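What follows is a short report on a single structure.
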Amino acid sequence: MKSFWFLLVLFTLHCSCLFGQSKAKPIRLFDGKTFKGLQGDTINTWRIHEGSLVGGSLSQTVPHNEFISTTKSYANYVLKLKFKLTGYEGFINGGVQFHSRRITNPAHEMTGYQADIGKGYWGSLYDESRRNKLLAVADSAQIKRLLRPNDWNDYEIQTQGKRIRILLNGEQTVAYTEEDETIPQSGLIAFQIHGGGKAEVRYKDIILEELPRNTARK
């Protein structure tokens, strides 16, 4: 009987170690102080202020889209961050790119999925510089209830294989499954300030939790 309990304890400890190893340590994509691990126009567009990535201008019109991206690609993960969008004139918009890549013409653009940010686009899934359309549209009544205009909001992006979920302030706004087999399901993560407006966007507390490919999230 003693040997049975001894083996049971050993088995429990072994399982605990396995489960502990299977859970990936969260990755902080932005340290709040430097551009380490990121790439983009840090001369004219992107700066760091009070622990946030800040893009755009409230005094001058942003000439065109700009993105600051990770230098590393990711596939299956939960991405959490806070964002704040303000603006006074023109097209006031930003977004969180994922499964994306940079293109050469024009060099400042990226192509891939985007969790959109801005009037008429909040909480929705856009296909940037590829199909150039909304793939899934958030409910306007839900957005009106959830959104904190001109203030900090929480975004959560879950991507598992071909499945994508977007959550705004803790509530799901989009559940989308990609049907096109040619669309990549991995790539860079990036943060956008859209051109055409006197606008400023801030991003902070950017945390990524990588997931095994066969992990299903409810």
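The values are calculated or read from the model by the stated rules, or taken from the named source; none is laboratory data. Note that the structure is predicted; figures quoted are calculated from it, not measured. Backbone-built Cβ (ideal geometry, glycine too); neighbour counts: all protein chains shown. The protein model used for the area step is the full one, side chains on, heavy atoms only, and it has no ligands, DNA or RNA in it. Shrake-Rupley method; radii C 1.70, N 1.55, O 1.52, S 1.80 Å.
Points to keep in mind about this one:
- Extending 7 Å from Cα along the Cβ direction at Asn105 and again at Asp205 yields two label points whose distance is 4.3 nm.
- Rounded percent of accessible protein surface that carbon and sulfur make up, the chain, 1.4 Å probe: 54
- Angle in degrees between helix 2-22 and the longest Cα principal axis of the chain, rounded to the nearest 10: 10
- Reduced Cα scattering model of the range 69-132, Debye log10 I(q)/I(0), q = 0.23 Å⁻¹: -1.15
- With q set to 0.17, 0.21, 0.23 Å⁻¹, the log10 of I(q)/I(0) for the range 92-218, from the Debye formula over equal scatterers at the Cα positions, is -0.92, -1.41, -1.66.
- Three-way shape call for the range 29-122 based on the alpha-carbon gyration tensor, with the a/c threshold at 1.5: rounded
- Once both labels are positioned 7 Å from their Cα atoms along Cα-to-Cβ, the gap between Glu179 and Lys36 label points is 4.5 nm.
- Helical mean residue ellipticity (222 nm; -39500 (n - 2.57) per DSSP H run of 4+; nearest 500) of the chain: -4000 deg cm²/dmol
- Highest to lowest packing among 131-141, 48-58, scored as the average C-beta count within 10 Å: 48-58, 131-141
- For the range 144-218, convex hull volume per residue from C-alpha positions, Å³: 148
- q = 0.08, 0.11 Å⁻¹, the chain: log10 I(q)/I(0) [Debye, one scatterer per Cα]: -0.31, -0.54
- Low-density loop cleavage sites - GluC sites (Glu not before Pro) in the range 92-183, where at most 15 other Cβ are within 10 Å (DSSP): Glu179, Glu181
- Thr182 accessible area, 1.4 Å probe, all protein chains in place, Å² to nearest 10: 110
- Length gained on full extension, Asp151 to Ala75: 24.4 nm, using 0.36 nm per residue less the C-alpha separation.
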